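The values are calculated or read from the model by the stated rules, or taken from the named source; none is laboratory data. From a predicted model like this one, the values you see are computed outputs, not experimental measurements. When we count neighbours, we look across all protein chains shown, and the Cβ atoms used for this are built from the backbone with ideal geometry, even at glycine.
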Amino acid sequence: MLQWIKKNSTTILTVLVCSAFAFYMYACQATTRSLMTPTKQVNRQELQLELDQIIGLAQLRMVDLDQQEQFRSIILENALILVQGNPLNPVGLLTAFAGIYGVVQGSRNITKVVKTNVNKRKTNNG
């Protein structure tokens, strides 16, 4: 037995090194610190999910800012019309309210679409 081990020592060593290398490559994934919780280690797929979540959240907040700016500009335009001395026009007020309603509904639809896209990305990547 001892002679067989001495005779085949290079083969045995090669098999052991290759087995250890294969185990290392299969079992040990590359990890890095998480974007959300830096104390947690994540792999590439988990990091991509976190990045998609952050991008989706940023898009939702941009939609919210756009909605606020549109609402502010509508109010400012109507205030300028009233300040210019034009008489109060009920049809104009109804049009302004309809415009405000349209902006709000449009922003809700955009928000729903962005949330849906974020959820689709999460399910496709996970």
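Quickly run through the range 15-59 and pick out the residues that are small (Gly, Ala, Ser) and more than 17 Å from Val118 (Cα to Cα).
Taking the range 15-59 first, the residues small (Gly, Ala, Ser) are 19-20, 22, 27, 30, 34, 56, 58.
Selection gives Ser19, Ala20, Ala22, Ala27, Ala30, Ser34.
Output the residues belonging to the range 62-94 that are of a type in the set (S, T, N, Q) and either touching a His at 6+ places or on another chain (Cβ under 8 Å) or modelled with pLDDT under 80 (or both). So that I can check it myself, show each step before the final result.
Pass one, the range 62-94, residues of a type in the set (S, T, N, Q): 67-68, 70, 73, 78, 84, 86, 89.
Those that are of a type in the set (S, T, N, Q) and either touching a His at 6+ places or on another chain (Cβ under 8 Å) or modelled with pLDDT under 80 (or both): Asn78, Gln84, Asn86, Asn89.
Hey, among the residues in the range 62-80 that are of a type in the set (S, T, N, Q) and exposed (fewer than 12 other Cβ atoms within 10 Å of the Cβ), which one's nearest to the chain's Cα centre (by Cα)? Even if it seems obvious, please write down each step before you answer.
We begin by selecting, within the range 62-80, every residue of a type in the set (S, T, N, Q); these are 67-68, 70, 73, 78.
Next, from what is left, pick out any that are exposed (fewer than 12 other Cβ atoms within 10 Å of the Cβ): 68, 73.
Values: Gln68: 22, Ser73: 29 Å.
So the residue we want is Gln68.
Residues that are touching a residue at least 24 places away in the same chain (Cβ under 8 Å): find the helices (runs of 4 or more DSSP H) completely inside the range 1-112 holding 1 or more of those. Explain how you work it out, then say what you get.
On the way: elements: 2-7, 9-27, 44-83.
The helices (runs of 4 or more DSSP H) meeting that bar are 44-83.
Tell me yes or no: at least one residue of the range 44-51 is among the polar types (S, T, N, Q) and in contact with a strand residue (DSSP E or B) (Cβ under 7 Å, 6 or more places away or on another chain).
Residues of the range 44-51 that are among the polar types (S, T, N, Q), as a first pass: 45, 48.
Now restrict to residues that are in contact with a strand residue (DSSP E or B) (Cβ under 7 Å, 6 or more places away or on another chain): none.
Looking for residues that are among the polar types (S, T, N, Q) and in contact with a strand residue (DSSP E or B) (Cβ under 7 Å, 6 or more places away or on another chain), one finds none in the range 44-51, hence no.
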